[in-house]
Amino acid sequence: MTNQNTEVPEIREPLPQGNRTPLIAGNWKMNLDHLQAIALVQKLAWGLKDVRHDFSEAEVAVFPPFTDLRSVQTLLAADKLSLTLGAQDVSPHESGAYTGDISAAMLAKLDVRYALVGHSERRHGHSESDDTVGLKARAAHAAGIVPMICVGETAEDLEQHGAAAIPIAQLTAALAHLPQDAEFVVAYEPVWAIGSGQAATPEQAEEVARALREHLRELRGDDRAVAIRVLYGGSVASQNIAGFMRQPNIDGALIGGASLKVDEFTRIIQFKKHVTAG
Ligand code: PEP
């Protein structure tokens, strides 16, 4: 019940843990042509078969460059592989005079299930605003694609505002463009941790993931907040994945560099082995 007479913040019941399927997502960035992409996905599929990976225990998605999507889609369909396909970006527009853009409808035709929106390399390298990120998320959702909304603070943000303020503001801005019932994934990626080899500690990442989930309660209600997956990204490797996956509010990882090394990515996907062993 809301306390209207005092300034004391309402103490809410903790959310139940929920039943979220972990998601391990590989963002290849601008690497691998379509032939190299086919070779990597084949090798990954064989590797996962060898270790008898159970996809109901951890979903695995790959996010190749646009030019590889058709080849990877064809391979996944022909060999009935259980990997899911993601795109690294999507246009906020439906169609028309937007040279260089790729629409969500085009991606949906290629069985793309997820689209990254707001990756820090787009926010910073291409000056994408919170508004643009929200419009991209909306365009993806409208075409039946699940937006993976990337949020994260720079090193300066961290010093000035703490870890959670900027990610929460970015998520709030993006969600303002999405219908209440839209499915989405949140990827918390501190900018200072991406590609730097300096990952957040599991405790730091959990603190922000928990703050994001608490904020989702306000924006979307408890049931959705329990169901939505929050991933951590930023210098994830097989040596540190277990620590992240032990955290109650972290439901997977968005992985850049390490997703290009099949053996390493396979070990990361097998995080359960390390989690239960550790
Ligand atoms: C990313 O590109 O989203 C990422 C987290 O990169 P890396 O794993 O290389 O830090």
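Every residue, every condition in (1) within 15 Å of the ligand (Cβ to nearest atom); (2) surrounded by fewer than 17 Cβ atoms within 10 Å (Cβ to Cβ); (3) assigned to a strand (DSSP E or B), yes or no:
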position: D223; (1), (2), (3): no, yes, no
position: L231; (1), (2), (3): yes, no, yes
position: S235; (1), (2), (3): yes, no, no
position: Q239; (1), (2), (3): yes, yes, no
position: A242; (1), (2), (3): no, no, no
position: I250; (1), (2), (3): yes, no, no
position: A253; (1), (2), (3): yes, no, yes
position: A258; (1), (2), (3): yes, no, no
position: R267; (1), (2), (3): yes, no, no
Working only within segment 48-72, note down all residues that are open to solvent by 20 Å² or more (accessible area, probe 1.4 Å) and outside any loop (DSSP other than H, G, I, E, B). K49, D50, E59, F66, T67, R70, S71
Would you confirm whether any residue within segment 36-47 is at pLDDT 95 or above, among the small types (G, A, S), open to solvent by 50 Å² or more (accessible area, probe 1.4 Å) and away from the ligand (no atom under 16 Å from the Cβ)? yes
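Being part of a helix (DSSP H, G or I) and within 16 Å of the ligand (Cβ to nearest atom) is the filter here, so list the residues in segment 188-211 that pass it.
The first filter runs over segment 188-211 and keeps only residues part of a helix (DSSP H, G or I), leaving 191-193, 202-211.
Passing the criteria: V191, W192, A193, P202, Q204, A205, V208, A209.
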When residues of segment 144-157 are limited to those that are more than 16 Å from the ligand (Cβ to nearest atom) and open to solvent by 10 Å² or more (accessible area, probe 1.4 Å), the one farthest from E214 (Cα to Cα): G144
Would you please list the contacts, defined by Cβ atoms under 7 Å and residues six or more apart or on different chains, that run from a residue in segment 181-204 that is among the β-branched types (V, I, T) to a residue that is more than 13 Å from the ligand (Cβ to nearest atom) and part of a helix (DSSP H, G or I)? V186/L171; V186/L212
Output the number of the condition that R229 fails; it satisfies all remaining conditions of (1) charged (D, E, K, R); (2) under 20 Å from S259 (Cβ atoms); (3) without any contact (Cβ under 8 Å) to a residue 40 or more places away in the chain. (3)
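Given the criterion away from the ligand (no atom under 15 Å from the Cβ), open to solvent by 20 Å² or more (accessible area, probe 1.4 Å), closer than 17 Å to P16 by Cα and out of contact with any helix residue (DSSP H, G or I) (no Cβ under 8 Å at 6 or more places or on another chain), identify the matching residue among E218, E214.
On the way: E214 fails: out of contact with any helix residue (DSSP H, G or I) (no Cβ under 8 Å at 6 or more places or on another chain).
That would be E218, the only listed residue that is away from the ligand (no atom under 15 Å from the Cβ), open to solvent by 20 Å² or more (accessible area, probe 1.4 Å), closer than 17 Å to P16 by Cα and out of contact with any helix residue (DSSP H, G or I) (no Cβ under 8 Å at 6 or more places or on another chain).
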A careful count of residues in segment 101-133 that are surrounded by fewer than 24 Cβ atoms within 10 Å (Cβ to Cβ), away from the ligand (no atom under 16 Å from the Cβ) and farther than 16 Å from P65 by Cβ gives 11
Going by what's in this entry, would S95 be described as assigned to a loop (DSSP other than H, G, I, E, B) and more than 28 Å from I166 (Cα to Cα)? yes
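Examine segment 210-222 for a residue that is in contact with a Gly (Cβ under 9 Å, 6 or more places away or on another chain) and of a type outside the set (S, T, N, Q), and state whether such a residue exists. Lay out the reasoning, then the answer.
We begin by selecting, within segment 210-222, every residue in contact with a Gly (Cβ under 9 Å, 6 or more places away or on another chain); these are none.
Within segment 210-222 (the criterion being in contact with a Gly (Cβ under 9 Å, 6 or more places away or on another chain) and of a type outside the set (S, T, N, Q)), the answer is no, since none of the residues qualifies.
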Based on this model, can you work out whether R20 counts as at pLDDT 95 or above, out of contact with any Pro (no Cβ under 8 Å at 6 or more places or on another chain) and at positive phi? no
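The values are calculated or read from the model by the stated rules, or taken from the named source; none is laboratory data. This is a predicted model, so every value here is computed, not measured. Note that each Cβ is placed from the backbone with ideal geometry, even for glycine, and that neighbours are counted across all protein chains shown. Protein only, heavy atoms only, side chains kept; ligands, DNA and RNA dropped before computing areas. Shrake-Rupley method; radii C 1.70, N 1.55, O 1.52, S 1.80 Å.
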